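Here it is: the structure, laid out below.
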Amino acid sequence: MSTQTTASVIHDIGYKPYTGPRQGRAHIVRALYIHSVRGIFGLGRGPKAKIVPWFVIAVMLVPAALNVYMSSTNKALVMSYGVMGYHLMLFAVLFVAIAAPELVSRDLRHHTLPLYFSRPLRRGDYPLAKMLALFSSLLLVELLPVLVTYVGQIASATSGHEIWLDSRAAFPAVFVAFAQSALLSLISLLIASTTGRRVIATGAIAILFLATTAISGVLEDAVGTTYVSHSVSCVEPTVNINTANGNVYGFGGGQSGPPTGGVSQLCPGVSNENLTGVNGQPDPNKPGYADLTVTYQTPVYSMIAKAGGMIDPVNVVEGTKIWVFDSTDDLIPNPSPIGPLYAAELALLVVVASGGMFLRYRKVSVS
Amino acid sequence: MWRAPHPGYLQGVSDNERSIIEATALTMRYRDVTALDDLTITVRPGITGLVGANGAGKSTLIKILLGLLTPTSGRVSVLGLDARERGEEIRARVGYMPEHDCLPADVTATEFVTHLGRMSGLPATAAKEQAAEALRHVGLHEERYRQIGTFSTGMKQRVKLAQALVGDPGLLLLDEPTNGLDPAGRDAMLALIHRIGTEFGIAVVVASHLLSEIERICDHLVAIEGGKLLRAASLDSMTQALPWLAVEVDEGTELLRARLTEQGLTVSPQLVRRQLLVRLDEEPVFDVVRDAVADLELPLTRLEHRRHHVDELFAQVEVGASAGEAQL
């Protein structure tokens, strides 16, 4: 159809049927996944949507960057692998508290779901894409400090053995990243899928994780913890290599031995916390060295303290790690002998949260 | 199948056309409610109005057509695909416009329609192009980069239509597309649907509880009530003006009727109050009516070359078949 005037011609090019390819369900789920991941990081959205995710990424990179610097100068890591997941947990919670409502509450708020379910997607595809999107995004964010540190360590490693040791130390951190990402993302999505109001979802997610952390912290610290005193002897050099000063820690000058902060560097297995005393005497048999007697306390946790971690998803991951890798960083009480319970709870939470998501979307109406 | 009471004005749908929707003895029972009861309908290409009051079973029927509900019994196929087994393929080729608001406020129309194009199975680039096309067809070309939250109700309805239209569906299911629109917006929306159904060659099913509205654009009508088929009719013959002239006067209907009959005109009673239907024969009917009204000094409010009003069609069922035929 065209309308002709003396001055100009308007062409209505009309309707052109689409004859190109049409993709199947698998492609559509993938497209929804990619769309969701982009939404999480605020890609293709305004600057406001980018603030939180990129702030969290920046925070994750700070200890990683310091770690790279430390390993390049052969010093101990600022944040060791073992504590990364635990100490950066607050930022992971912040990340999911913003991302999960963005993924699912928005569609509830605007009643967009009928538009999805009147398309080839099946009921399970929507929650599947959303869960995979948040899980993989959080995993990426949590793996960032681990991997950056690892690359830094490898780059400044001097022997194959060092690389091996480093890989072994990094592996539990990778496990924590996986488990924590799964747990935090699934639980927060389940919470967010119950309300169309983003603020409420964000608040509920933050409160859940922070409150459980606080409660389990109280149980671990305050309830039923007793201490046992130990005394160890170790030998430390008193000669400063650089200055050839033979009395590094000033024996006899009122202070007896090294500062408490340095003890863990000198005596293997002793932590700086809970030190009760350090005593040093020049070693009569070994010139240039001193004998130290360090007394410290180790906590003995009651069963309440050991089980306290099971309240908090982050501690469930930590406890499972301790049980699986038999490694503790003294962040939470070693759950032994109930480590398997932690692992079982981790598995159960993942199954329940993801199953809950599928159930949640099974009965969504299209009209 | 429904049988036409008067072959001149109503025709049963002919079977020699390709059918878009074919439902046979469709029954849907929930625990204690029968939403659809032995419903048999055939929808042909063109625009079909699906009329029924709220709760008549329209939504249930739409869900079954999309393969989202499995009917208790009966057969149903959409675009030649069995809705029980191939819902996924059907949903890829059917555009659905829900009744209620379903648009996010904080994305642009283009982004939204593009995303839903991808959800219909279009590759990324094609989705972008098709979204632009769909928005152009609904008349939102200029506004396509604006956030949907800034749109008026009429524009939002167009976005809803565009998301159903993206990716060239074989069938459009529109649920109350004129909901919440002012008269001008309603006319524009109906004109748009009419254009899609005729120029674009897409089969359209418009569900509505307002018969008077959709009869203007439909080729066929299907009325359901209480999950049962009330009536199905082709409106082909009615798109032309009927040989009836509607005369509406504020008072003196009976007087006028007597006078016109006296003059040798065929006058039919009307269901609408104060209205008469006068058969347009070769006689100078208009002149006779004008003179009669003038002579009787009646307040004439309407003189209209009559297209058939479809709500009367459906009203006949209650009035009774004989009365209906007499009136036609």
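Scanning region B:203-212 for residues that are in contact with a helix residue (DSSP H, G or I) (Cβ under 7 Å, 6 or more places away or on another chain) and surrounded by fewer than 22 Cβ atoms within 10 Å (Cβ to Cβ), which turns out farthest from B:TYR96 (Cα to Cα)?
B:SER212
Now for a separate question. Here are some conditions: (1) touching an Asp or Glu at 6+ places or on another chain (Cβ under 8 Å); (2) facing chain A (nearest Cβ under 8 Å). B:SER77 meets all but one. Which one does it not meet?
(2)
So A:GLY42 fits all but one of (1) surrounded by 15 or more Cβ atoms within 10 Å (Cβ to Cβ); (2) within 11 Å of another protein chain (Cβ to nearest Cβ); (3) in contact with a Lys or Arg (Cβ under 7 Å, 6 or more places away or on another chain); (4) assigned to a loop (DSSP other than H, G, I, E, B); what number is the exception?
The single condition A:GLY42 does not satisfy is (2).
Select from region A:67-86 the residues that are crowded, with 16+ Cβ neighbours inside 10 Å and in a helix (DSSP H, G or I) and list them in ascending order.
Listed by number, the residues that qualify are A:ASN67, A:VAL68, A:MET70, A:SER71, A:TYR81, A:GLY82, A:VAL83, A:MET84, A:GLY85, A:TYR86.
Tell me whether region B:106-113 contains one or more residues that are at the interface with another protein chain (Cβ under 10 Å from one of its Cβ atoms), assigned to a helix (DSSP H, G or I), free of Cβ contacts under 8 Å to residues at least 60 places away in the same chain and out of contact with any Phe, Trp or Tyr (no Cβ under 7 Å at 6 or more places or on another chain).
There is at least one residue in region B:106-113 that is at the interface with another protein chain (Cβ under 10 Å from one of its Cβ atoms), assigned to a helix (DSSP H, G or I), free of Cβ contacts under 8 Å to residues at least 60 places away in the same chain and out of contact with any Phe, Trp or Tyr (no Cβ under 7 Å at 6 or more places or on another chain).
Output the number of residues of region B:146-160 satisfying the condition of being more than 12 Å from chain A (Cβ to nearest Cβ) and under 16 Å from B:GLU99 (Cβ atoms).
Kept after step one, since they are more than 12 Å from chain A (Cβ to nearest Cβ), are these residues of region B:146-160: B:146, B:150-155, B:157-158.
So of that shortlist, the ones also under 16 Å from B:GLU99 (Cβ atoms) come out as B:153-154, B:157-158.
Here the count works out to 4.
A further question on this structure: Inside region B:114-125, can you point out the residues that are touching a residue at least 40 places away in the same chain (Cβ under 8 Å) and within 8 Å of another protein chain (Cβ to nearest Cβ)?
Matches in region B:114-125: B:LEU116, B:SER120, B:GLY121, B:LEU122.
Out of B:LEU36, B:LEU50, I need the residue that is buried (at least 23 other Cβ atoms within 10 Å of the Cβ), within 16 Å of the chain's Cα centre (by Cα) and part of a strand (DSSP E or B). Which one? Even if it seems obvious, please write down each step before you answer.
Values: B:LEU36 fails: within 16 Å of the chain's Cα centre (by Cα).
On inspection, the qualifying residue turns out to be B:LEU50.
Of all the residues that make up region B:93-104, how many are surrounded by fewer than 24 Cβ atoms within 10 Å (Cβ to Cβ) and either in a helix (DSSP H, G or I) or more than 7 Å from every other protein chain (Cβ to nearest Cβ) (or both)?
Within region B:93-104, residues that are surrounded by fewer than 24 Cβ atoms within 10 Å (Cβ to Cβ) and either in a helix (DSSP H, G or I) or more than 7 Å from every other protein chain (Cβ to nearest Cβ) (or both) number 1.
State which residue is nearest to B:LEU26 (Cα to Cα) when the search covers only region B:66-75 and only residues that are without any contact (Cβ under 8 Å) to a residue 60 or more places away in the chain and either hydroxyl-bearing (Ser, Thr, Tyr) or touching a Gly at 6+ places or on another chain (Cβ under 9 Å) (or both). Walk me through it before giving the result.
Keep residues of region B:66-75 that are without any contact (Cβ under 8 Å) to a residue 60 or more places away in the chain, which gives B:67-75.
Narrowing the set further to residues that are either hydroxyl-bearing (Ser, Thr, Tyr) or touching a Gly at 6+ places or on another chain (Cβ under 9 Å) (or both) leaves B:67-68, B:70, B:72-73.
Values: B:GLY67: 13, B:LEU68: 15, B:THR70: 10, B:THR72: 8, B:SER73: 6 Å.
Only one residue tops the list, namely B:SER73.
Please indicate, with yes or no, whether at least one residue in region B:246-253 is touching a helix residue (DSSP H, G or I) at 6+ places or on another chain (Cβ under 7 Å) and modelled with pLDDT under 75.
Here is the first cut: in region B:246-253, the residues touching a helix residue (DSSP H, G or I) at 6+ places or on another chain (Cβ under 7 Å) are B:247, B:249, B:252.
After this cut, where a residue has to be modelled with pLDDT under 75 as well, the list is none.
Taking every residue of region B:246-253 in turn, none turns out to be touching a helix residue (DSSP H, G or I) at 6+ places or on another chain (Cβ under 7 Å) and modelled with pLDDT under 75.
For B:LEU242, which of the numbered conditions (1) at pLDDT 80 or above; (2) out of contact with any Asp or Glu (no Cβ under 9 Å at 6 or more places or on another chain) fails to hold?
Condition not satisfied by B:LEU242: (1).
So, of the residues in region A:330-367 that are assigned to a helix (DSSP H, G or I) and within 18 Å of A:GLY82 (Cα to Cα), which turns out to be farthest from the other protein chains (Cβ to nearest Cβ)?
Only one residue fits best here, namely A:GLY339.
Rundown of residues vs (1) surrounded by fewer than 18 Cβ atoms within 10 Å (Cβ to Cβ); (2) not in a loop (DSSP other than H, G, I, E, B), yes/no style:
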{"site": "B:ALA131", "(1), (2)": "no, yes"}
{"site": "B:LEU135", "(1), (2)": "no, yes"}
{"site": "B:HIS141", "(1), (2)": "yes, no"}
{"site": "B:GLY149", "(1), (2)": "yes, yes"}
{"site": "B:GLN163", "(1), (2)": "no, yes"}
{"site": "B:LEU172", "(1), (2)": "no, yes"}
{"site": "B:ARG186", "(1), (2)": "no, yes"}
{"site": "B:GLY201", "(1), (2)": "yes, no"}
{"site": "B:LEU229", "(1), (2)": "no, yes"}
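Restricting to helices (runs of 4 or more DSSP H) lying wholly in region A:87-130: which have 1 or more residues that are more than 14 Å from every other protein chain (Cβ to nearest Cβ), surrounded by fewer than 23 Cβ atoms within 10 Å (Cβ to Cβ) and out of contact with any His (no Cβ under 6 Å at 6 or more places or on another chain)?
Details: elements: A:89-100, A:106-109, A:113-117.
Answer list for region A:87-130: A:89-100.
Restricting attention to region A:141-161, report how many residues are farther than 15 Å from A:ASN67 by Cβ and either outside the structural domain of A:LEU61 (by TED's automatic domain parsing) or over 10 Å from the mean Cα position of the chain (by Cα) (or both).
Within region A:141-161, residues that are farther than 15 Å from A:ASN67 by Cβ and either outside the structural domain of A:LEU61 (by TED's automatic domain parsing) or over 10 Å from the mean Cα position of the chain (by Cα) (or both) number 4.
Exactly one of (1) outside any helix (DSSP H, G or I); (2) within 8 Å of chain A (Cβ to nearest Cβ); (3) over 25 Å from A:GLY39 (Cβ atoms) is unmet by B:LEU69. Its number?
With respect to (1) outside any helix (DSSP H, G or I); (2) within 8 Å of chain A (Cβ to nearest Cβ); (3) over 25 Å from A:GLY39 (Cβ atoms), B:LEU69 is out only on (2).
Continuing with the same structure: Scanning for something closer than 30 Å to A:HIS111 by Cα, of a type outside the set (A, V, I, L, M, F, W, C) and surrounded by 19 or more Cβ atoms within 10 Å (Cβ to Cβ), does region A:189-196 turn up at least one residue?
Residues of region A:189-196 closer than 30 Å to A:HIS111 by Cα: A:189-196.
Applying the additional criterion that residues be of a type outside the set (A, V, I, L, M, F, W, C) yields A:193-196.
Pick out the ones that are also surrounded by 19 or more Cβ atoms within 10 Å (Cβ to Cβ) and you get A:193.
Yes, region A:189-196 has at least one match.
The values are calculated or read from the model by the stated rules, or taken from the named source; none is laboratory data. Since the model is a prediction, treat every value here as computed from it, not as a measurement. Note that we place each Cβ from the backbone using ideal geometry, even for glycine, and neighbour counts take in every protein chain shown.
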